[in-house]
Amino acid sequence: DLSLLRFISAELTRGYFLEHNEAKYTERRERVYTCMRIPRELEKLMFFGIFLCLDAFLYVFTLLPLRVFLAMFRFLTLPCYGLRDRRLLQPAQVCDILKGVILVICYFMMHYVDYSMMYHLIRGQSVIKLYIIYNMLEVADRLFSSFGQDILDALYWTATEPKERKRAHIGVIPHFFMAVLYVFLHAILIMVQATTLNVAFNSHNKSLLTIMMSNNFVEIKGSVFKKFEKNNLFQMSNSDIKERFTNYVLLLIVCLRNMEQFSWNPDHLWVLFPDVCMVIASEIAVDIVKHAFITKFNDITADVYSEYRASLAFDLVSSRQKNAYTDYSDSVSRRMGFIPLPLAVLLIRVVTSSIKVQGVLAYACVVLFYCGLISLKVLNSIVLLGKSCEYVKEAKMEEKLFNPVLTATPGKPVNKPQSKFKSAQGISTDENGSTSVTNQPVHQKENMPSLLVTSNSDQFLTTPDGEEKDISQDSSELKHRSSKKDLLEIDRFTICGNRID
């Protein structure tokens with residue numbers, strides 16, 4: 001018989017057993033554990049990545065001037081030794097001279113930009129207008145970072161590629177002017193960012209600083225509810241590393257400018273300290289929340305950050321080989337979208353305008369400071385190289401450092417799956433069927449045909465012989481397999497490359 005009393009009694013005494021759905025609740029518990037592990041694993045990756053960016057940034061101030069000096073010395077003393085080969089300078093020396101000349105030219109061009117006038121011009125704007133300007137500057141910085149390294153790579157390759165005619169060297173000139181224009185415009189863009197941040201620090205009610213910090217939390221809304229694969233999350237992680245390191249340099253510039261205005265009074269530094277800590281804490285909190293929910297919604301484990309760290313370590317170890325494919329600072333630029341040249345030009349401009357060097361003792365202090373920078377760079381490089389070797393060994397990626405690159409003749413399709421490739425002389429694949437992108441380069445003669453590197457995505461575009469399957473049935477499998485490429489096979493991880501399929 002149905003009655004209200006029996007219904008209430010059933011509701012009070014009704015029982016259930018969670019072990020009947022053990023798999024579901026175990027999975028939910030693992031998600032909670034994963035979210036709790038995210039801050040630790042993410043900060044370990046961020047800590048390692050920030051020191052990688054610091055190593056590339058210090059290289060511009062310490063070792064690059066010495067390398068430029070050695071290259072110029074070789075160029076000037078070349079007639080004394082005679083021309084033994086066709087190259088006047090090695091490709092690395094040519095790239096070093098180009099970087100040094102670009103830095104010097106852009107530094108003198110920055111003297112025509114008045115920082116004080118820019119500060120008062122920005123300070124006269126309303127808060128809402130400054131908020132819009134700051135968002136536009138962030139977008140512009142990402143676009144500049146995406147296209148800037150391509151411009152520099154085009155210049156380096158145009159200057160060092162083998163040329164049959166002397167007239168072909170003229171093509172370096174337009175590439176050089178394009179690179180100078182890019183570095184100058186990007187440096188001005190970062191200067192406007194630093195000036196806007198300085199205005200936010202010096203505002204009385206701190207309303208602009210609060211709005212700029214709240215803009216970081218808007219980033220969570222735009223990222224958390226999207227579908228992310230492992231490669232896309234790697235791109236975002238590299239972007240966050242670059243963004244955090246750039247913010248540290250911008251905060252350093254703001255502190256230098258403020259300390260100059262207050263005649264280097266140390267008491268004013270403690271006035272800026274709470275705001276600096278607030279900006280850094282908001283950045284860390286946003287990154288932790290964003291990555292925690294991205295991994296939760298996309299069923300990605302926290303161990304993936306150790307794979308990302310191993311990939312970054314692999315770039316460092318491979319660039320330290322005797323015959324590497326690229327300089328390490330350029331490798332960091334391609335991975336993270338961090339280009340140190342514009343930031344270095346701005347920092348040199350701010351330091352030279354804020355600190356006046358007069359007298360013998362001041363110049364001695366400058367020399368000692370430069371020696372300290374070199375010691376910091378060498379110590380940082382040694383520690384990073386040791387840690388990178390550990391990470392590469394833990395990920396069992398040592399064999400990829402020495403395997404030659406898998407090649408194929410241009411125009412000839414590959415008709416066999418990757419697992420059935422035959423090893424020829426100088427051609428091999430790793431155990432996963434993927435090719436290594438940072439191996440020892442082999443000196444080739446100029447009359448040899450060019451070879452193209454084939455990736456996993458190229459293999460999936462052709463149907464293997466002897467398999468008569470419907471293309472429509474394989475389309476879903478094709479898309480699934482092509483998305484699971486090795487992290488080392490993707491050449492660019494710029495901050496504008498976060499395209500979600």
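Against the criterion of being closer than 18 Å to N232 by Cα, aliphatic (A, V, I, L, M), touching a Phe, Trp or Tyr at 6+ places or on another chain (Cβ under 8 Å) and not in a helix (DSSP H, G or I), I300 qualifies.
Residues of segment 382-405 being within 20 Å of E307 (Cβ to Cβ), in contact (Cβ under 8 Å) with a residue 12 or more places away in the chain and not in a helix (DSSP H, G or I), which ones? A395, M397, N403, listed by residue number.
Among the residues of segment 231-248, how many are more than 20 Å from E307 (Cα to Cα) and either aromatic (F, W, Y) or open to solvent by less than 10 Å² (accessible area, probe 1.4 Å) (or both)? Within segment 231-248, residues that are more than 20 Å from E307 (Cα to Cα) and either aromatic (F, W, Y) or open to solvent by less than 10 Å² (accessible area, probe 1.4 Å) (or both) number 3.
Across segment 209-226, a minimum of one residue is classified as over 21 Å from R37 (Cβ atoms) and not in a helix (DSSP H, G or I). Candidates in segment 259-297 are the residues that are at negative phi and outside any helix (DSSP H, G or I); of these, the one that is surrounded by the fewest Cβ atoms within 10 Å (Cβ to Cβ) is N265. The single residue among L361, L373, L368 that is surrounded by fewer than 15 Cβ atoms within 10 Å (Cβ to Cβ) and touching a helix residue (DSSP H, G or I) at 6+ places or on another chain (Cβ under 8 Å) turns out to be L373. Go through (1) touching a residue at least 24 places away in the same chain (Cβ under 8 Å); (2) closer than 21 Å to N202 by Cβ; (3) in a helix (DSSP H, G or I) and name the single condition V113 misses. Here V113 meets the rest and fails (3). Mind checking which pairs have a first residue in segment 131-157 that is closer than 28 Å to N216 by Cβ and a second that is surrounded by fewer than 22 Cβ atoms within 10 Å (Cβ to Cβ) and basic (K, R), Cβ under 7 Å, 6 or more apart or different chains? Close Cβ pairs (under 7 Å, with a partner that is surrounded by fewer than 22 Cβ atoms within 10 Å (Cβ to Cβ) and basic (K, R)) amount to Q149/R334. Would you confirm whether or not segment 205-220 contains a residue that is aromatic (F, W, Y) and within 30 Å of A281 (Cβ to Cβ)? The answer is yes; a qualifying residue exists.
The set of residues in segment 4-52 being aliphatic (A, V, I, L, M) and under 30 Å from D240 (Cβ atoms) consists of V32, M36, I38, L42, L45, M46, I50, L52. Could you list, in sequence order, all residues of segment 7-23 that are assigned to a helix (DSSP H, G or I) and either loosely packed, with under 10 Cβ neighbours inside 10 Å or small (G, A, S) (or both)? S9, A10, E11, L12, T13, L18, E19, H20, A23 - these are the residues of segment 7-23 that are assigned to a helix (DSSP H, G or I) and either loosely packed, with under 10 Cβ neighbours inside 10 Å or small (G, A, S) (or both).
Being outside any loop (DSSP other than H, G, I, E, B), modelled with pLDDT of 70 or more and open to solvent by less than 70 Å² (accessible area, probe 1.4 Å) is not true of L379.
Among the residues that make up segment 48-61, is at least one of them in contact (Cβ under 8 Å) with a residue 12 or more places away in the chain, within 30 Å of D153 (Cα to Cα) and in contact with an Asp or Glu (Cβ under 7 Å, 6 or more places away or on another chain)? Looking for residues that are in contact (Cβ under 8 Å) with a residue 12 or more places away in the chain, within 30 Å of D153 (Cα to Cα) and in contact with an Asp or Glu (Cβ under 7 Å, 6 or more places away or on another chain), one finds none in segment 48-61, hence no.
When segment 125-138 is filtered for residues that are over 15 Å from M191 (Cα atoms) and assigned to a helix (DSSP H, G or I), the ones remaining, listed by number, are V127, I128, K129, Y131, I132.
Yes or no, residue by residue, for (1) closer than 23 Å to A344 by Cα; (2) open to solvent by less than 20 Å² (accessible area, probe 1.4 Å):
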| site | (1), (2) |
| --- | --- |
| I102 | yes, yes |
| S126 | no, no |
| L130 | no, yes |
| V139 | yes, no |
| F144 | yes, no |
| D153 | yes, no |
| W157 | yes, no |
| V192 | yes, no |
| T195 | yes, yes |
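The values are calculated or read from the model by the stated rules, or taken from the named source; none is laboratory data. Keep in mind it's a predicted model, so treat the numbers as computed, not measured. Every residue, glycine as well, gets a Cβ built from its backbone with ideal geometry; the counts of neighbours run over all protein chains shown. Surface areas here come from the heavy atoms of the whole protein model, side chains and all, with no ligands, DNA or RNA. Shrake-Rupley method; radii C 1.70, N 1.55, O 1.52, S 1.80 Å.
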